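What follows is a set of notes on a single structure, which appears directly below.
The values are calculated or read from the model by the stated rules, or taken from the named source; none is laboratory data. Note that the structure is predicted; figures quoted are calculated from it, not measured. Cβ: placed from backbone, ideal geometry, glycine included. Neighbour counts: every protein chain shown. Please note that ligands, DNA and RNA were not included when accessible areas were found on the heavy atoms of the full protein model with its side chains. Shrake-Rupley method; radii C 1.70, N 1.55, O 1.52, S 1.80 Å.
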Amino acid sequence: MQLAGFRDIRSKEELQKAADLANDLKNEKVLVDILAHNNVSLSQIDSHPYTIQTWYKKYQKCIRCTGLKNCAQDTSGYFDNIVDDGFLHTEKCACKYMRQRLSERKHLENFLINDMPEKLFTVQFTGIQVEKENNAYWKVLAECMAACNGGSGVYLYGTMGSGKTYLAACACNQFARNGKKVAFIHYPTFAQRIAGKVETGEYRSEVQKLMYASFVVMDDIGAESVTEWNRDTILLPILNARYEKGLPTWFTSNEDFTTLQEHFTFTKKGKIEEVKALRIMERMRSMAKPIALLGESRRQYLSRTPEE
């Protein structure tokens, strides 16, 4: 956006007011420093005092900013930077806090599918507050980190709110940061999503991504409504493809292997199919080590974002 000058100012009184404003602006150390940093000549203050004043008022919202949570700009994390490259104008720029956030989330470009809650976008194993935990949790954390580093599968099950999804997100983010193509699906949401794409056939693209991604998390499996189609035509081929290629897959669930097998035995229409359920479970058992994560809810402290 080009900034206009004050060429329409005509009266001596108006010219004097503009000159006085220019002098006041030149005494604003922060403003002068910014102009110098941006290679904007101080003579622009004399030529465009009102437009520089308007720009500076908006910029002042950033001076004492302590983070994105309290950003006062119209577009959070972005400010108008003043530039002189032949004509005086402003460019929308990311602030240091937004640049940091974008850097921290660079790995998300490696997600082929991402159902992960935004609060988990940047979590990592090393950020977990282990001092709040007991020996049982430390053991689970150590097993998960070893599995992640070794590229092996995990079936993480236990009570609601115990932190299963958080640990799976840490693993998924680690693979993505290492340049691997990953997918994180909330399995009940995934099952509903692809059911709505059957007529167009668009679901096949998502299934293919899950078959061949370097690392996949199937979060909250066992909470979906089972149909013959999503169990036998969708889930089983995904598991088979990943097993044959030796691709690590993590699952989280409120069910253990025994109750999950019961879950897959009964379809939404009430049909009982023990053999088909057993086929799914045999494949999952061969792909993932079961790890139990129990205890009280950890949602309160695990869900905090960096800004909090």
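The residues packed around ASN178, meaning those with a beta-carbon under 14 Å from its beta-carbon, carry a net charge of +3 if Lys and Arg are +1 and Asp and Glu are -1. Only helices enter this figure: runs of n ≥ 4 DSSP H residues, each worth -39500 (n - 2.57), summed and divided by the residues of the chain, yield -13000 deg cm²/dmol at 222 nm to the nearest 500.
Suppose we look only past 18 Å in the calculated P(r) of the stretch 169-275. What percent of the Cα-Cα pairs does that tail hold?
On the way: 2859 of 5671 pairs.
Tail of the P(r) past 18 Å holds 50 percent of the pairs.
Using a/c under 1.5 as the rounded threshold, could you call the stretch 111-157 rounded, prolate or oblate? The axes a ≥ b ≥ c are square roots of the C-alpha gyration tensor eigenvalues, and prolate needs a/b larger than b/c, oblate otherwise.
Details: a/c = 2.15, a/b = 1.32, b/c = 1.63.
It comes out oblate by the Cα gyration axes.
Computed from label points 7 Å out along Cα-Cβ, the spacing between ASP74 and LEU294 is 5.7 nm. Cross-link reach is defined here as a Cα-Cα straight distance under 21 Å, omitting same-chain residues fewer than 8 places apart; for LYS57 the lysines meeting it are LYS17, LYS26, LYS29, LYS69, LYS92, LYS96. The C-alpha atoms of the stretch 112-204 occupy a region whose extents along the principal axes are 50, 31, 24 Å, arranged from largest to smallest. For the chain, the relative contact order is 18 percent, taking Cα pairs closer than 8 Å that sit 6 or more residues apart in sequence and dividing their mean separation by the residue count. Size descriptors for the stretch 182-237 (Cα atoms only): Rg and Dmax, in that order, 10.6, 28 Å.
Which value, in debye to the nearest 20, describes the size of the charge dipole of the chain about its Cα centre when Lys and Arg Cβ atoms bear +1, Asp and Glu Cβ atoms bear -1, and nothing else is charged? Write down the numbers at each step before the final one.
On the way: 42 positive and 38 negative charges, 77 e Å.
For this selection, approximately 380 debye.
Stokes-Einstein, applied to the Kirkwood radius of the stretch 18-78 over Cα pairs at a viscosity of 0.692 mPa s and 37 °C, places its translational diffusion at 264 µm² s⁻¹.
Extent of the stretch 73-120 along its three principal axes (Cα atoms, max minus min coordinate, largest first): 45, 21, 15 Å. Take every pair of alpha-carbon atoms less than 8 Å apart whose residues are at least six positions apart; their mean separation over the length of the stretch 1-138 yields a relative contact order of 20 percent.
Here the accessible area is traced with a 1.4 Å probe on the protein chains. For the chain, carbon and sulfur cover 49 percent of it.
The listed peptides 159-169, 33-43, ordered by packing as a protection proxy, come out as 159-169, 33-43 (highest mean of other Cβ atoms within 10 Å first). Take the alpha carbon atoms of the stretch 72-128, find their center, do the same for the stretch 183-204, and report the distance between the two centers in whole angstrom. Cα centres, the stretch 72-128 to the stretch 183-204: 29 Å.
With one equal scatterer per alpha carbon and no solvent term, the Debye-computed log10 I(q)/I(0) for the stretch 48-105 at 0.22, 0.27 1/Å reads -0.87, -1.12. Sorting ASP256, ASP74 by accessible area puts them as ASP74, ASP256; the probe is 1.4 Å, largest comes first, and only protein heavy atoms count. In terms of its alpha-carbon gyration tensor, the stretch 1-152 comes out prolate; a/c meets the 1.5 threshold, and the first ratio a/b outweighs b/c. For the stretch 97-231, the solvent-accessible area works out to 46 Å² per residue, with a probe of 1.4 Å and every protein chain left in place. In the chain, the alpha-carbon atoms span a convex hull of 187 Å³ per residue.
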